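Following: one structure in structure tokens, then a few remarks.
The values are calculated or read from the model by the stated rules, or taken from the named source; none is laboratory data. Model, not experiment: these values are computed from the prediction. Here Cβ is always computed from backbone atoms with ideal geometry, including for glycine, and neighbour counts include all displayed protein chains.
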Amino acid sequence: MHGLVSLSTLAQGAGAKTGMFLATEALAHLAPLDILVIAVYFAMVIWIGFYLKGQANTSEEFFMAGREMTAWIAGLSFVSANLGSLELMGWAGSAYQYGILAAHWYWIGAIPAMLFLGMVMMPFYYVCKTHSVPGYLKLRYGQGASVVSAISFAFMTVLMSGVNMFAMAVVMKVVLGWDLNFSIIVSSMAVALYVALGGLRSAIFNEVLQFVLIWGGALLVPILGLVEAGGWNGFKAKLAANMASGLTPHGDYTHMWRSLDHFSNNPMGIHWTGIVFGLGFAISFGYWTTDFLVVQRVLAAQNLRSARMAPVIGSFFKMAVPFIVILPGLLGLVVLHNADGSLMHLVGENQVSAAHPYSYNEVLPLMLVRYCAPGLLGLGVTALIAGFMSGMAGNVSAFSAVWTYDIYQPLINKNARDEHYVTVGRWATILGVVVSIGTAYLVMNAAGIMDYVQALFSFFISPLLGVVLMGMFWKRATKAGGFWGLLIGTLTSVGLWAWVKLVPSALRYVALSSDAKAMAEDMYRALWSVIVSVLVTFVVSIFTEPKSEAELNGVVYGATKLPTEEPVPFYKNEWFWCVIAIIAFLALNIYFW
Amino acid sequence: MHSSSISIWFFIGLLLTIYGVLIFGYGLYDLVSGNLPHVVLAKLHAPVWWGGLMTALGLFYLIKFRPGHEGK
């Protein structure tokens, strides 16, 4: 599962795996009941795959789930595609390390973009009946921009899938002591089987299943954690006492905006402009509105109203996720103790030692083990496995669609029968899994590759946002403008990354401060590449021939007649729920200001 | 959803029910036998109420979205 969350998380999580391997003993020991819980999950997903095989016969059914998903299913799948186990563990670790600042990735880093996708962009994606984001680019800008986007997406999707697979195998080794090969082979075989059989519908079903499992398996931890800490106020009092006695490093762990007035005032090394414009716009909008992995889920909705409602429904659940991710990380600061009763100190991956055997990223498993009896522990572990598997299923189903529709069909075999493309899609799924496994073993033997893979992925997403926005909201944008905007925007991102890599002092120009840290650099780099791609698209378009108004029907604002929707009671209207989501989003930020 | 298909909510109901029964059963056994598991706050008997909650929710979905029923 890639995207804005995992890119940062992976770097902290499995990326620095050396520390994890130092832990000689598994964190958790599963009872027979736990094993049974895990086995039931595997049996269920395989059963679903075989059951859905009969409903994946045409390309529309295999790649788009027949466009029959309700708003709830599409919405849960949409948010679940980004809710992988590495995200859960990584962000819980970030919360332990940085405090509630980590919740920015769930709130401003997701909610505005999700609502914008649903209310503003979705009509164009949906009305033009595209099957993918590269497919939209083809309709708007022609084959060139589409192929560039499709190839980069397909390539990066399978690479990221492999990186995630390896990272998850490391997690299973640390938490349960499982062999790396066992985890990789068993989980990837299961994913290959159920996606190749049932296509996108199967992937979506499993994502919804995973969503329920994650809540069922993880919600108990913050509930019991709050009971032990004496509620939120009790937690804050204990944290203050720990800081006063020097047991916990000083810092503002419970406020989101107060320490963002300067890069050096917070442990993340971030300024509020980076959070608002870099994370809240460039990265977040790039991921949630143009990454086909998540957009594909919404395109499978049964009608336009459902397609618009799905991201709105997803936004409410996304806002709630910090309760099962950030809160356990924070509670870990006061409730985790060593066997001798002293306060446990988690450390960075490269500081793990005999005195401090656990890293930040292990805070969630530690909390699970602390509270969960047999059965419940199995449920928590199943949630982690399910998160990983559905993330991988999301990757390979998106890869399969883009490979078949945007690469194979236009470039290799234009006029085959529909069944042929379904067969190609099934084999592309298998191929995607095989390449992912290869990548996983590649990363296992050369861990440094992981950082480059993550950086590579980030190069493509933000420029794509600039080009899609220009294409969707400016009729004058031309084919050449889109192509060069995408290309120069991507090269800008690559160039800025290489500049800081070769000359670290360049950070003060890229991220506007020499006090900035890696996360701030990512945000500003994304922002610059969006700005460049928009400017290049604008300038080149001014000097080139635009498309006629008729050609833009269905893909551009102002040239598209949107279908009239049937009137519904206010409580079923997407705008009503969008306003409620905005109010909830603002209220959360103000409460934790 | 696809005509004459089993709803995803039915699968979810089934999984929740199986898990709920397993966890509730284990919790009940612990409660009756007095063998508390070695976890913090074991005296709250989380498997009993959490397992019970999952079973209730699972049964609700299982019945409401059973194949052939209009609720799907």
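Remarks
- Meets criteria (part of a loop (DSSP other than H, G, I, E, B), hydroxyl-bearing (S, T, Y) and surrounded by fewer than 17 Cβ atoms within 10 Å (Cβ to Cβ)) for A:T248: no
- The range A:458-511, residues that are part of a helix (DSSP H, G or I) and among the β-branched types (V, I, T): A:I461, A:V467, A:V468, A:I488, A:T490, A:T492, A:V494, A:V500, A:V510
- Test: residue in the range A:363-383 that is in contact with a Ser or Thr (Cβ under 8 Å, 6 or more places away or on another chain) and not aromatic (F, W, Y): yes
- Criterion: among the hydroxyl-bearing types (S, T, Y) and within 12 Å of chain B (Cβ to nearest Cβ) - qualifying residue of A:T290, A:T382: A:T382
- Flag if A:A320 is assigned to a helix (DSSP H, G or I), within 20 Å of the chain's Cα centre (by Cα), among the hydrophobic types (A, V, I, L, M, F, W, C) and within 14 Å of chain B (Cβ to nearest Cβ): no
- Criterion violated by A:I412 - all others in (1) aliphatic (A, V, I, L, M); (2) crowded, with 17+ Cβ neighbours inside 10 Å; (3) more than 30 Å from A:A28 (Cβ to Cβ) satisfied: (2)
- Number of residues in the range A:219-241 that are in contact with a helix residue (DSSP H, G or I) (Cβ under 8 Å, 6 or more places away or on another chain) and aliphatic (A, V, I, L, M): the value is 8.
- Test: residue in the range A:289-300 that is part of a loop (DSSP other than H, G, I, E, B), modelled with pLDDT under 90 and within 30 Å of A:V568 (Cα to Cα): yes
- Listed by first and then second residue, the pairs with beta-carbon distance under 6 Å, at least 6 apart or on different chains, first residue in the range A:22-47 and of a type in the set (D, E, K, R), second part of a helix (DSSP H, G or I) and modelled with pLDDT of 90 or more, are A:D34/A:L377; A:D34/A:G378.
- Candidate set from the range B:16-72 (those that are more than 28 Å from A:L331 (Cβ to Cβ) and facing another protein chain (nearest Cβ under 9 Å)); member that is surrounded by the most Cβ atoms within 10 Å (Cβ to Cβ): B:I18
- For beta carbons closer than 7 Å, sequence separation of 6+ or different chains, a first residue in the range A:377-405 that is at negative phi and a second that is charged (D, E, K, R), the qualifying pairs are A:L377/A:D34; A:G378/A:D34; A:V381/A:D34; A:S390/A:E207; A:G394/A:E207.
- Residues of the range A:335-376 satisfying the condition of being polar (S, T, N, Q), touching a Leu at 6+ places or on another chain (Cβ under 8 Å) and farther than 14 Å from A:A92 by Cβ: A:S353
- A:E549 falls short on exactly one of the conditions (1) touching a residue at least 40 places away in the same chain (Cβ under 8 Å); (2) under 31 Å from the mean Cα position of the chain (by Cα); (3) over 13 Å from A:M470 (Cβ atoms), and that condition is (2).
- Checking A:A320 against (1) farther than 21 Å from A:V171 by Cβ; (2) modelled with pLDDT under 90, the condition it does not meet: (2)
- Residue match in the range A:127-150 (condition: modelled with pLDDT under 85, among the charged types (D, E, K, R) and under 25 Å from A:S59 (Cα atoms)): yes
- Taking first residues from the range A:567-591 that are farther than 22 Å from A:N233 by Cα and in contact (Cβ under 8 Å) with a residue 24 or more places away in the chain and partners that are charged (D, E, K, R) and assigned to a helix (DSSP H, G or I), the Cβ contacts under 8 Å between residues at least 6 apart in sequence or on separate chains come to A:V568/A:R305; A:E574/A:R305; A:E574/A:R308.
- The residues in the range A:179-230 that are within 13 Å of chain B (Cβ to nearest Cβ), more than 25 Å from A:F317 (Cβ to Cβ) and of a type in the set (V, I, T) can be counted, and the count is 0.
- Residue within the range A:328-339 that is part of a loop (DSSP other than H, G, I, E, B) and modelled with pLDDT under 90 present: yes
- Total residues in the range A:24-51, condition of a type outside the set (F, W, Y), more than 8 Å from chain B (Cβ to nearest Cβ) and farther than 21 Å from A:E362 by Cβ: 7
- Residue match in the range A:432-450 (condition: within 14 Å of chain B (Cβ to nearest Cβ) and either under 27 Å from the mean Cα position of the chain (by Cα) or assigned to a loop (DSSP other than H, G, I, E, B) (or both)): no
- From the options A:D515, A:D522, residue that is part of a loop (DSSP other than H, G, I, E, B) and farther than 24 Å from A:Y126 by Cα: A:D515
- Within the range A:444-477, the set of residues being modelled with pLDDT of 90 or more, surrounded by 23 or more Cβ atoms within 10 Å (Cβ to Cβ) and over 18 Å from A:S284 (Cα atoms) comprises A:G471, A:A477.
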